[in-house]
Amino acid sequence: MILIADCGSTKTDWCVTENKKVVKQVFTCGMNAVMLTEEEMRARIAGELMPEIADIKGNIEAVYFYGAGCIAPDVCANVANAIRENIPAQVIEVHTDLLAAARALCGHTPGIACIMGTGSNSCYYDGEKICDNVSPLGYILGDEGSGAVLGKILLGDVLKNQLPKELCEKFLNQYELDRMTIIKRVYREPQANRFMASVTPFLIQNIEHPAVHALVLNAFKAFFVRNVQQYDGYDLLPACFVGSIAYYYRDILTEAAEACGCKVGTIIKSPMEGLIDFHA
């Protein structure tokens, strides 16, 4: 048996598999490895995961953990140690969530792998490893096309009357927001990126409106221009996507790609199914 973990800041998807079959799947709270100590991660794994797999932990031979914040050797070592204290597996590997996306989307084939959820990221993957990565820079300087940035543009356009009046009023009423509440949530309260991403359902609900369609299309074009087009052979290799934003807006994402001379390949909501195939 092997244990695969897809870990974000808010949720972790743990999947025990054997011969491509899911033996058990467990969802726990997320862990950002940069923000937590080894002891804190060990305690979380012990308290949230282990009670769910106590009967099979001795049969787990390998653990493949992909996580947010797993970008430096010392951080990855902390995660591996936290896992090893709980699970006596012979093999424990810790990698970035970007490599999870690349392996899930491309397998052993070269391609451009992209994440487009609350945040966005991308890389050139040669079929084995990540060879190039345009820094995502976060939702203030980058993260083009992400939920956070789509929400940021939407909020700004509403407050600056860049959308038709009826749309602005509809938005404010639907989310029970006003100018000062929005400013407080964005500038004074923590996790502004999650707040901004939380209002993006309004876009998909009103995507037939020309102004909303243009907002989303331009945001996705920015992703291709500022990220995908930076990779050699971007016009030959497919850009594949994982994440809720890419999944639900895939038609407009494809439209933006064609406008930028890019090709879109596989689009999936979660990397787990692809990771199960990869590690099988």
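Side notes on the structure shown:
- For region 29-70, filtering for residues that are without any contact (Cβ under 8 Å) to a residue 24 or more places away in the chain and closer than 25 Å to residue 280 by Cβ leaves 2.
- Residue count for region 214-227, restricted to those that are out of contact with any strand residue (DSSP E or B) (no Cβ under 6 Å at 6 or more places or on another chain) and not in a helix (DSSP H, G or I): 0.
- Those residues of region 246-263 which are open to solvent by 10 Å² or more (accessible area, probe 1.4 Å), assigned to a helix (DSSP H, G or I) and either touching a helix residue (DSSP H, G or I) at 6+ places or on another chain (Cβ under 6 Å) or in contact (Cβ under 8 Å) with a residue 12 or more places away in the chain (or both), in sequence order: 247, 248, 250, 252, 255, 259
- Condition met for residue 241 (in contact with an Asp or Glu (Cβ under 7 Å, 6 or more places away or on another chain) and either touching a residue at least 40 places away in the same chain (Cβ under 8 Å) or open to solvent by 60 Å² or more (accessible area, probe 1.4 Å) (or both)): no
- Leading residue by the ranking (modelled with the lowest pLDDT) among those in region 56-97 that are in contact with a helix residue (DSSP H, G or I) (Cβ under 8 Å, 6 or more places away or on another chain) and part of a helix (DSSP H, G or I): 57
- Set 144, 128: member being in contact (Cβ under 8 Å) with a residue 12 or more places away in the chain, closer than 16 Å to residue 96 by Cβ, charged (D, E, K, R) and not in a helix (DSSP H, G or I): 128
- Subset of region 35-57 (residues that are closer than 14 Å to residue 2 by Cβ and open to solvent by 70 Å² or more (accessible area, probe 1.4 Å)): 57
- Residue in region 196-213 that is closer than 17 Å to residue 243 by Cα, out of contact with any Asp or Glu (no Cβ under 6 Å at 6 or more places or on another chain) and not in a helix (DSSP H, G or I) present: yes
- Residues of region 38-52 that are over 12 Å from residue 81 (Cβ atoms), among the aliphatic types (A, V, I, L, M) and out of contact with any strand residue (DSSP E or B) (no Cβ under 6 Å at 6 or more places or on another chain): 43, 46, 50.
- If the condition is being among the acidic types (Asp, Glu) and more than 23 Å from residue 210 (Cα to Cα), then region 165-194 contributes 176, 178, 189.
The values are calculated or read from the model by the stated rules, or taken from the named source; none is laboratory data. The model shown is predicted, which means the values in this text are computed figures rather than measured ones. A quick note on method: Cβ atoms are made from the backbone with ideal geometry, for glycine too, and the neighbour counts reach across all protein chains shown. Side chains are part of the model used for accessible areas, which takes the heavy atoms of the whole protein and leaves out ligands, DNA and RNA. Shrake-Rupley method; radii C 1.70, N 1.55, O 1.52, S 1.80 Å.
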